Amino acid sequence: MTAISDTARATRRLSLRNINFALVIFVVLYAAIVVLQPNYLDAALFMNFLRRAAPLIILASGQLYVILSGGFDLSMGAVVTLVVLAASMLIGGDPEMTWVVIASLYAMGLAVGLANGFIVSFLKVPSIIATLGTMLLVNGLALAWSGGAPRGDLPDNFRNLGRLVLKDVPLVGSLPIAVLILVVVTLLAWWGLHATAYGKRLLAVGDNPRAAELAGVPVKPTRISAFVISALSAVTAGILIGGFSGVSVNAGRGLELQAIAACVIGGALLLGGRGTVVGALFGALSLFALFTLLNLLGLPQALRDSLQGVILIAAVGASVLRHRRST
Amino acid sequence: MTAVLEMRGIGKAFGTVKALDAVDFDCRAGEVHVICGENGAGKSTLMKVLGGSYRPDTGEVLLDGEPVRFQHPAEARAAGISIVHQELSLLPFRTVAENIFTGMEPTRWGLLDRRQMDERARSLLDRLGSSISTSALVADLSIAEQQLVEIAKAMLVNAKVLVMDEPTAALDDHDAHSLLKLVGRMKTEGVAIIYISHRMPEVMAIADRVTVLKDGRHIWTRDRRDVTINAIVTAMVGRELQDFYPARGATEPGSPVLEISGGQSRYLRDINFSARAGEIVGVAGLEDSGKGALARALFGDSPLAAGEVRISGQPVSLHSPRQAAAAGIGYLPGDRKREGIAPRQSVRDNALLTLQAMAPALSSPNGGARSRQKVDQSLRHMDVRAGDFGQEISTLSGGNQQKAIIARWLMRNPRVFVFVFVEPTRGIDVAAKAAIYQTMRALANEGRAIVMISSDLPEIVGVSDRIVVMHQGRIAGELPAGAEEGAVMQLALGVAAAATGREMAS
């Protein structure tokens, strides 16, 4: 009996270490930020940090579903761009339109997600190629639609979703709406993955699709839904980004890679079958803390991309090494 | 005639399994030496040693009397040993000439000499009596023509020894006949030909000598004149019966649980099959006999194109594994790594997978029948040995993985009526084998129907209540419990068709 509980403890320690990896990186980076700018310890500034990190965390949570199913979703950034441009043109500055337009944005996301899922499941195109295709397609359509120079403005009630900060909230002091949305989305993502039969199916599909199929798992619907979840999370992130950054044709550029990097830093296995929402959350926070740190250091913007590359390679390398040692 | 090739005391072990145990073998110039043996007898391993893919643990290989030690297949090929594999190894989108010369392309001033390549390919094909164009794409050729290209490739290096591993397995009668004529022609050119085949008529038609291997050991080598098909079959299967098979059910089997009538698919013809409650039906057959296709049809993985399937008298449609699982068919794959386990998930999650698959998507993954207590109970009932059921299943032994997958279906109790076991004990050690047989018998005694598809003859004979033997996509015959292994093998080999073999010889 003691032997069993010993091994049980060992495995629990192991899974904690998986999460700790991203958590440790985040704490170290945030500590470095605090050294440069001590006021980042204020609750208000931390909330602001979370608000700005919210879109990336939401994207990473969505991307995680696709990665766990054994794929990639490269079309996320394009969906963000589409959302920002479409919102500005459809709303045309009329606050009355906001909620109708938000509904239609989600419909567009649904369409992109379904398209990705169907192409991957039925045409058997590898997801990296399929979503590269939809990325180019969606980006191109968004730019053509806006004519390269977006017209129209986002009304305040739309932008508030991204930038409004509630003051004098008990316990936390100030609370940005975006952080509220972030908490809801992260909880939803956690619930879907770790507290439903669907989550178990998704992991099995990513781990061994053939075995999953033979065990009776509906592999195609499971895969398709992962792409839909990913696209819907991209719409949510796009709405927040439009809120605090305003309208730009580059709104979503490169976000898909950041989301993938966040998942990997958070311990998700790139070939599927292993990963957690908590890991993706801290992976995204680490990445965003890194960006903040580089800004504070005054490093040129271009170096951001290079360092992101280094971090990504280091994270994947570390996870491969960790895995090799365990087998 | 002296032997071109001699293999003396070849031994090769994989882990604790002896694949080859002091095997002697030789082949002379201008003879066809056939090797016979069951699946797993060691034929392929012996040829891989010869071809330089494996290094033997003991023994030596002599070529023209000189000892050779190949480190790599390319060395064996350069020394004049060519192997035509069962799965062709041609590049589909290259031309015939390019394939023949792969790895040894003629050059002029460092550039590819296409003209010389085409001319030499042409003359090789002419020698083989073939009119295939040297510029045709291999993908456009029939399997028989592709085999010819393989042989031409072998002749390019002036092969002294040509190994053909079940070359006619994928051919129809006409093409098989031409291939045998070609083998005859190669023989007159003085090539030593080693020919592996399951088809007895063919063996009798072309062999000069026959060697039988069994369990990695050499049984005998005899002149064709001195052997009969029966002698070969007996030598192939004759081995001591092991006593770890469970006692058969005391009661008569009940009503049919699973019935297939008039089943047809690309690989199956006229399948009429049934399995009754409480019985274990063994399905035997050689590698390409359609027994695997029957298993996949039962599990909706490659569905029947025509015919009717009933479960407990109700017609069901089995067009996907999910439908089959819903209809009450449990599937235990032979290749656990590829088809059974989700390696990085826990033992628990693997055991729960089918329940999760059938439950509402948004239901809790550990509620009700899926509670930790119930899984652990089921895993313990199957005697799955693991330090902790939360550990990744890939860390368990093959036997324990198999038991966890059985638990996966037992969790759906009592909705599984038919269990389809495919190669239930492949790669599993003897002790775990006995446990799996006990489980199968226990499942049958609970009134379920068990269909066991297996290449392991002793297992088929030892466990089955009824034996269905398949041959070339059809059910060749049915035998009662305790039938002789030889009788099963004769049906599996289609020995009734021996007459055509004699025609080939004349």
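The values are calculated or read from the model by the stated rules, or taken from the named source; none is laboratory data. Every value quoted in this text rests on a predicted model; they were computed, and no experiment measured them. Cβ coordinates were reconstructed from backbone atoms using ideal geometry, including for glycine residues, and neighbour counts include every protein chain displayed. Quick note on the areas: whole protein, heavy atoms, side chains included, nothing else; ligands and nucleic acids left out. Shrake-Rupley method; radii C 1.70, N 1.55, O 1.52, S 1.80 Å.
Laid out as a table, the results:
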{"quantity": "Odd one out for A:Ser230 among (1) within 13 Å of the chain's Cα centre (by Cα); (2) open to solvent by 60 Å² or more (accessible area, probe 1.4 Å)", "calculated": "(2)"}
{"quantity": "Qualifying residue in the range B:165-173 (condition: in the same structural domain as B:Ala74 (by TED's automatic domain parsing), more than 20 Å from B:Thr45 (Cα to Cα), within 26 Å of the chain's Cα centre (by Cα) and in a helix (DSSP H, G or I))", "calculated": "yes"}
{"quantity": "Any chance B:Asp383 is more than 9 Å from chain A (Cβ to nearest Cβ), over 28 Å from the mean Cα position of the chain (by Cα) and acidic (Asp, Glu)", "calculated": "yes"}
{"quantity": "Check on A:Ala142, closer than 30 Å to A:Gly93 by Cα and either in contact with a Lys or Arg (Cβ under 8 Å, 6 or more places away or on another chain) or surrounded by fewer than 17 Cβ atoms within 10 Å (Cβ to Cβ) (or both)", "calculated": "no"}
{"quantity": "Neighbours by Cβ (under 6 Å, 6+ apart or cross-chain): first from the range B:104-126, closer than 18 Å to B:Ala78 by Cβ; second in a loop (DSSP other than H, G, I, E, B) and open to solvent by less than 60 Å² (accessible area, probe 1.4 Å)", "calculated": "B:Pro106/B:Asp113; B:Thr107/B:Asp113"}
{"quantity": "Residue list for the range A:148-162, restricted to those being exposed (fewer than 14 other Cβ atoms within 10 Å of the Cβ) and either at pLDDT below 85 or under 11 Å from A:Ile177 (Cβ atoms) (or both)", "calculated": "A:Gly148, A:Ala149, A:Arg151"}
{"quantity": "The range A:197-255, subset more than 20 Å from B:Asp301 (Cβ to Cβ) and of a type in the set (Lys, Arg), residue farthest from the other protein chains (Cβ to nearest Cβ)", "calculated": "A:Arg253"}
{"quantity": "Filter result (surrounded by 15 or more Cβ atoms within 10 Å (Cβ to Cβ) and either of a type in the set (Asp, Glu) or within 17 Å of B:Ser44 (Cβ to Cβ) (or both)) within the range B:220-241", "calculated": "B:Met236"}
{"quantity": "Where A:Leu110 falls short, out of the listed (1) open to solvent by 60 Å² or more (accessible area, probe 1.4 Å); (2) at pLDDT below 95; (3) part of a helix (DSSP H, G or I)", "calculated": "(2)"}
{"quantity": "Helices (runs of 4 or more DSSP H) lying entirely in the range B:1-107 (those with 2 or more residues that are within 23 Å of B:Pro167 (Cα to Cα) and open to solvent by 50 Å² or more (accessible area, probe 1.4 Å))", "calculated": "B:43-50, B:73-78"}
{"quantity": "Residue ID - nearest to A:Leu255 (Cα to Cα), chosen from residues in the range A:299-308 that are more than 17 Å from the chain's Cα centre (by Cα) and part of a helix (DSSP H, G or I)", "calculated": "A:Asp305"}
{"quantity": "Residue within the range B:474-487 that is assigned to a loop (DSSP other than H, G, I, E, B) and in contact (Cβ under 8 Å) with a residue 40 or more places away in the chain present", "calculated": "yes"}
{"quantity": "Scan of the range B:259-309 for residues that are touching a Phe, Trp or Tyr at 6+ places or on another chain (Cβ under 6 Å) and within 14 Å of another protein chain (Cβ to nearest Cβ), ordered by number", "calculated": "B:Phe299"}
{"quantity": "Residue within the range B:14-29 that is within 21 Å of the chain's Cα centre (by Cα), under 18 Å from B:Ile194 (Cα atoms) and in contact (Cβ under 8 Å) with a residue 40 or more places away in the chain present", "calculated": "yes"}
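Residue-by-condition table, conditions (1) assigned to a helix (DSSP H, G or I); (2) closer than 20 Å to A:Gly267 by Cα; (3) without any contact (Cβ under 8 Å) to a residue 12 or more places away in the chain:
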{"position": "A:Ser61", "(1), (2), (3)": "yes, yes, no"}
{"position": "A:Leu64", "(1), (2), (3)": "yes, yes, no"}
{"position": "A:Ile67", "(1), (2), (3)": "yes, yes, no"}
{"position": "A:Gly70", "(1), (2), (3)": "no, yes, no"}
{"position": "A:Ala78", "(1), (2), (3)": "yes, no, no"}
{"position": "A:Ala86", "(1), (2), (3)": "yes, no, no"}
{"position": "A:Trp99", "(1), (2), (3)": "yes, no, yes"}
